[in-house]
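**Student:** The structure that follows is given in the form of structure tokens.
Values in this text are rule-based calculations from the coordinates and carry no lab data. All values reported here derive from a predicted model rather than from experimental measurement. For neighbour counting, all protein chains shown are included, and Cβ atoms are generated from backbone atoms with ideal geometry for every residue, glycine included.
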Amino acid sequence: VLELFDGSGEPVPFGWRRDTATNTVLSTKPGGQADLAGVKKGWVFDAINGVQVAGDEAFEAAMAEAKAAAAGKPNALVTVSFRVVTDLRFQKEAFSISSAAALAEKAAADRKVAELDFFGAEGDTIESG
């Protein structure tokens with residue numbers, strides 16, 4: 001969840017650069033909202049406030065709708081969902097960032113899944129075929 005407008009109703013920059021052709025995060029501004037929320041380069045935008053954003057036109061329309069709905073409301077928020085590679089077999093999973101703690105917990109769980117997918121269940125021996 002990111003802030004659209006601050007307490008005085010002024011827009012708050014998200015702090016990301018987006019590839020409009022692929023809807024992929026190119027970079028985040030150190031100390032910006034996206035960086036503080038844990039957004040990473042390479043993540044793909046999936047939805048804005050629950051509206052799927054498969055391309056640039058859909059992204060811009062959904063973001064414009066979110067901003068219009070929040071206009072004049074101090075501390076207005078928007079939920080941004082991403083698709084992220086979560087394991088070594090490139091399975092994608094959509095999720096929304098709700099807090100830095102939740103993101104850190106998810107990242108730790110994803111690393112464990114990736115390790116188990118690559119090395120096998122704990123204590124198991126992997127034999128090559």
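**Student:** Would you mind computing, in nm to one decimal, how far apart the modelled labels at Lys67 and Thr20 are, each placed 7 Å from Cα along Cα→Cβ?
**Tutor:** 1.3
**Student:** Using 0.36 nm per residue, how much length does the chain from Glu57 to Thr79 gain when fully extended, once their Cα-Cα distance is taken away?
**Tutor:** Stretched fully, the Glu57-Thr79 segment lengthens by 6.1 nm.
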